[in-house]
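The values are calculated or read from the model by the stated rules, or taken from the named source; none is laboratory data. If you're wondering where the values come from, they're calculated on a predicted model, not measured in any experiment. When we count neighbours, we look across all protein chains shown, and the Cβ atoms used for this are built from the backbone with ideal geometry, even at glycine. Ligands, DNA and RNA are excluded from the accessible area calculation, which covers all protein heavy atoms including side chains. Shrake-Rupley method; radii C 1.70, N 1.55, O 1.52, S 1.80 Å.
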Amino acid sequence: AAMAQTQYFGLSGNTITFTNTNTLPIGNSGAFYADITTHTGEGSSFGVGEDVKFMPAADPATYSMTFTYQTAVQDVKFSVYDIDRLQRITVTALDGVTAKNITMAIVGGAVLTITGNGTPSANAKATDVSVAVTSTDGTANVTISGSVTSVTITVAETKIVTSGSASNREDGGFYLSDISACILNPSFPTNYYQPYTEPFTGQPAYFLANPQNLHVYMVNASTGVADYIFTDPGVGGNKMNSLAYDPVNKWLYYVMDNQPAVLNTPINRKLKKYDFNTETISDVITDLYSFGISGIPTFIQGIEFGGAAFYNGSLYLGVEGSDGSNYNTGAESVIWKIDFDGSGNATTYSQVFGTPGDNGAGSPRHDWGDFVIKDGIIITHATNPNSASNSYTHYNLQTGTATTYNGNAETAGQMGQTWNGNIYRIKNAVALYNNDGTIGAQTTITTTSCSPAWSPNAGDASDPFKPKCDFGDAPATYDPVTLSPAVHQQNCNTSILRIGASWDREWSKNTSADASGDAADEDGISTVTNMVSDGNAYNHVQEVTVLNNTGSAATLAGWLDYNANGVFDASEGVVVSVPSNASPQTITLGWIGITVPVSTPNSFLRIRLVSGSTAMTANNPTGWYDDGEVEDYPVVSSATPLDIKLIDFNAFVTQNKNVQLNWKAITDEDASGFEIQRSKDQDSWENIGWKNKNELLINTDYSFIDQQPLEGRSYYRLKMVEKSGSSKYSNTKWIWLNQVKKNITIAPNPVTDITTVSFTGINAGTTKMNIRNMNGQVMSSRIIIIKPGENRYTVDASSFAPGIYIIEIFTPEKTYTNKMTVY
């Protein structure tokens, strides 16, 4: 009774509150209450179709109802039908506190008399005549021009009908038509979801859905691949339903189905939500039945097996009126619009759509399947074994018009929507809805490797969804295209493919002036190498810690904006392949021979990792990838040159036809040493040795002897390396040798396990044979006996890592050396 006396209805984007005073009863016909088709005398009235019947009781003699608009509307119109037997209908209206003039017009014959027309209290009074429900004689059209906030209809019953010893007033009642008004801002935007859920370029379009269990997935609308997101532990039911996603706050509203059965008691009345920001579950409305002033009716089933959608800041929640078995309730299935305040607390609610759930005589009419809202139009379908009930209804929330399409809205079918307004029917397959009751080709639902299996039949589907991703956080100029930033989506391989020790995700790029907007996730580089802006060519290197345990090669790329133009140019990118390894690896990225002018400002570095050996090139500093990670770092531009200063560098041929290099250099604590390089064409260079810096003296003379020089012309240079890894080259020296004396022969060479070292001895004696790596570290050392003439020794290289090694044999006469390559 309380719900009947105070009701809330949607009018376009507005809400009307109906309040009946003096307990004005709602009429009925058979099993149906309120919206009935008994009255058909519409003619040129303002109403079409079903009307609401009111049945005044015997006492008191005067009743009234008031409907109040949440915000002011313009030009209200409605009709009152079947005014007869001395009834008087008086209409008043307000715009805030200002009374409005009322215009009333007679539609039919001479039954009605209008008085006070054009004043704030116009009324229509009937003669003592009974008007048939098929006649327009007792009809009055009511018009209220301009701004209106509330309307009151007062009904006076004066006719006394005597039957036996009882006297009663005329109880024929009256009917109220549709109510229309103009809304200055209908509040039904087109493309509502697009600003929040439009995919990045190349990213799939998703909507949320769940099968008949407690899991929620995001479903790829094109491929049908479902990716698990979260699970409700099942408190209060064992199935989730009525999913509705708020794309602004990133909240998913839902209810729990399959509550314990209690005879004729709808206990399933709780509205819940999942917060994607905090990944927590909470109650929104603990009991819809007692929510607000009069509550939301939950009928026999509670809110089992309903539907829901979130649109333009409001939750639209379907409540099923039928009992789902006997189909004899005569109740309506209703969609309720629930509004929220800025903190997410539910505030107001109103009915926006209703249709009979059954015919009151055992047949279903609208057993909820699901619904979505597209551009202010509810698209809903019923799903019943009775094929005649498997229909789609498109209901316009602004105009109140509805179109019905019979089609294949099969049992257990649900509806999902993507960012661009495409609607999909989903069950155990996904199919595009053609907006006419039919669907396109079906794609079977599968799940990702890290997701639970899809249990048969969708439980519900819902609104567009765009998942969290990992973004770069450099200034905005580095990601100039809004839908194509550097972005990586979470994948099942996140735990085995990442930069650094952690993988993080956000809703959008945290643009920042110093690339610190996502600092918690940037752990792949411990020390960022300074950019040397002294105008001289140097080699910039950066070490990055990555994990690739996918079983296949991955791609690591880096972009150093060394021209500081605010863009990661393709020419500033370097790409390397990362082999699979169970442990984290330190990968070196190198920019060779770059020149940074003096006064170049500080700049930025971007690092990206994706699976696949050819998945990314230097042309991809931005764009979407379905796995991997991206990290951005600020880079300091330093005008201070590298700390090794070369004073002199010379090369000459010795008497033994070796090549000796001599140089003098000044170093400090940031210097590491010198790599000696040789080339036969100045194009391809090889590393033939290393000299650590002198830790005791800053200004030092260095030398190196190449005991296996090349015949003909050859070139030598020094690579001066800092502890940071950055480096620069010396000038180049060249020499000419007519004939090179081979000191050591190694066969086979390259070697995988056993090889033989041979050389010609001069005098008998004992000495040491060392094997060094290219960093100068001694890998093996042993004492050998030398005899005059040919000497042969076996070397076991099976324990050596692949690479190049130097074999040294020291004698009083000379030192023998040669390179050994281990595969």
Q.
Could you list, ordered by first residue, the pairs with Cβ atoms under 8 Å in which the first is in region 749-765 and more than 17 Å from Glu813 (Cβ to Cβ) and the second is assigned to a loop (DSSP other than H, G, I, E, B) and small (Gly, Ala, Ser), at least 6 apart or interchain?
A. Val751/Ala797; Thr752/Ala797; Thr752/Ser798; Asp753/Ala797; Asp753/Ser798; Ile754/Ala797; Ile754/Ser798; Thr755/Ala797
Q: Could you please find all residues in region 523-574 being surrounded by fewer than 18 Cβ atoms within 10 Å (Cβ to Cβ), over 25 Å from Thr600 (Cβ atoms) and of a type outside the set (A, V, I, L, M)?
A: Asp523, Thr545, Asn549, Thr550, Gly551, Ser552
Q: Only one of these is surrounded by 15 or more Cβ atoms within 10 Å (Cβ to Cβ) and outside any strand (DSSP E or B): Asp681, Asp668, Asp643. Name it.
A: Asp643
Q) Does Glu629 satisfy the criteria of being of a type in the set (Asp, Glu), in contact with a Phe, Trp or Tyr (Cβ under 7 Å, 6 or more places away or on another chain) and touching a residue at least 24 places away in the same chain (Cβ under 8 Å)? A) yes
Q: Output the strands (runs of 3 or more DSSP E) that fall wholly within region 90-139 and possess 1 or more residues being open to solvent by 30 Å² or more (accessible area, probe 1.4 Å), of a type in the set (Ser, Thr, Tyr) and touching a residue at least 40 places away in the same chain (Cβ under 8 Å), or say none.
A: 103-106
Q: Quickly run through region 687-704 and pick out the residues that are surrounded by fewer than 18 Cβ atoms within 10 Å (Cβ to Cβ), in contact with a strand residue (DSSP E or B) (Cβ under 9 Å, 6 or more places away or on another chain) and not polar (S, T, N, Q).
A: Ile698, Asp701
Q: Answer yes or no: is there a residue in region 322-339 that is in contact with a helix residue (DSSP H, G or I) (Cβ under 6 Å, 6 or more places away or on another chain) and open to solvent by less than 30 Å² (accessible area, probe 1.4 Å).
A: no
Q: Answer yes or no as to whether Leu556 is without any contact (Cβ under 8 Å) to a residue 60 or more places away in the chain, within 22 Å of Ala615 (Cβ to Cβ), touching a Lys or Arg at 6+ places or on another chain (Cβ under 6 Å) and not aromatic (Phe, Trp, Tyr).
A: no
Q: May I ask you to say which residue of Tyr245, Tyr228 is in a strand (DSSP E or B), in contact with a strand residue (DSSP E or B) (Cβ under 9 Å, 6 or more places away or on another chain) and open to solvent by less than 10 Å² (accessible area, probe 1.4 Å)?
A: Tyr245
Q) Of everything in region 290-310 that's without any contact (Cβ under 8 Å) to a residue 60 or more places away in the chain and hydroxyl-bearing (Ser, Thr, Tyr), which residue is surrounded by the most Cβ atoms within 10 Å (Cβ to Cβ)? A) Thr298
Q: Read through the list (1) more than 26 Å from Ile809 (Cα to Cα); (2) aliphatic (A, V, I, L, M); (3) in a loop (DSSP other than H, G, I, E, B), then give the number of the only condition that Leu710 fails.
A: (1)
Q.
Given (1) open to solvent by 10 Å² or more (accessible area, probe 1.4 Å); (2) touching a residue at least 60 places away in the same chain (Cβ under 8 Å); (3) not basic (Lys, Arg), identify the lone condition not met by Met240.
A. (1)
Q) Which of (1) of a type in the set (A, V, I, L, M); (2) in a strand (DSSP E or B); (3) open to solvent by 50 Å² or more (accessible area, probe 1.4 Å) does Ile809 not meet, given it meets every other one? A) (3)
Q | Cβ-Cβ under 9 Å pairs, at least 6 apart or on other chains, region 25-46 side open to solvent by less than 60 Å² (accessible area, probe 1.4 Å) and among the acidic types (Asp, Glu), far side in a strand (DSSP E or B) and modelled with pLDDT of 90 or more | A | Glu42/Ser79; Glu42/Tyr81
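One line per residue, one yes/no per condition, for (1) open to solvent by 20 Å² or more (accessible area, probe 1.4 Å); (2) closer than 20 Å to Tyr245 by Cβ; (3) part of a loop (DSSP other than H, G, I, E, B):
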{"site": "Tyr392", "(1), (2), (3)": "no, no, no"}
{"site": "Thr399", "(1), (2), (3)": "yes, no, yes"}
{"site": "Thr403", "(1), (2), (3)": "yes, no, no"}
{"site": "Met415", "(1), (2), (3)": "no, yes, no"}
{"site": "Arg425", "(1), (2), (3)": "no, yes, no"}
{"site": "Gly437", "(1), (2), (3)": "no, no, yes"}
{"site": "Gly459", "(1), (2), (3)": "no, yes, no"}
{"site": "Pro464", "(1), (2), (3)": "no, yes, no"}
{"site": "Thr482", "(1), (2), (3)": "yes, no, yes"}
Q.
Among (1) at pLDDT 95 or above; (2) within 27 Å of Asp341 (Cα to Cα); (3) open to solvent by 20 Å² or more (accessible area, probe 1.4 Å); (4) assigned to a strand (DSSP E or B), there is one condition Ala181 misses while meeting the rest; what is its number?
A. (1)
Q.
Suppose the filter is at pLDDT 95 or above and small (Gly, Ala, Ser); does Ser290 pass it?
A. no
Q. Given the conditions (1) at pLDDT below 90; (2) crowded, with 20+ Cβ neighbours inside 10 Å; (3) of a type in the set (Asp, Glu), and given that Glu170 satisfies all but one, which numbered condition is not satisfied?
A. (2)
Q) Based on what the data block shows, is Val757 surrounded by 15 or more Cβ atoms within 10 Å (Cβ to Cβ) and over 30 Å from Asn536 (Cα atoms)? A) yes
Q. Within region 771-792, which residues are without any contact (Cβ under 8 Å) to a residue 40 or more places away in the chain and closer than 27 Å to Glu686 by Cα?
A. Arg772, Asn773, Gln777, Val778, Met779, Ser780, Ser781
Q. Can you tell me how many residues in region 356-384 are open to solvent by 30 Å² or more (accessible area, probe 1.4 Å) and over 34 Å from the mean Cα position of the chain (by Cα)?
A. 5
Q) In this structure, is Pro475 touching a residue at least 60 places away in the same chain (Cβ under 8 Å), surrounded by 15 or more Cβ atoms within 10 Å (Cβ to Cβ) and in contact with a helix residue (DSSP H, G or I) (Cβ under 9 Å, 6 or more places away or on another chain)? A) no
Q. In region 188-223, how many are open to solvent by 40 Å² or more (accessible area, probe 1.4 Å) and hydroxyl-bearing (Ser, Thr, Tyr)?
A. 5
**Q.** Among the residues listed as Thr134, Thr127, Thr115, the single one being at pLDDT 95 or above and either more than 10 Å from Val91 (Cα to Cα) or of a type in the set (Phe, Trp, Tyr) (or both)
**A.** Thr115
(Q) So, in region 545-568, how many residues would count as being within 28 Å of the chain's Cα centre (by Cα) and closer than 30 Å to Pro597 by Cα? (A) 8
Q.
Residues that are among the hydroxyl-bearing types (Ser, Thr, Tyr) and either free of Cβ contacts under 8 Å to residues at least 60 places away in the same chain or at positive phi (or both): does region 312-324 have at least one?
A. yes
**Q.** Ile746 being open to solvent by 80 Å² or more (accessible area, probe 1.4 Å), β-branched (Val, Ile, Thr) and at pLDDT below 90
**A.** no
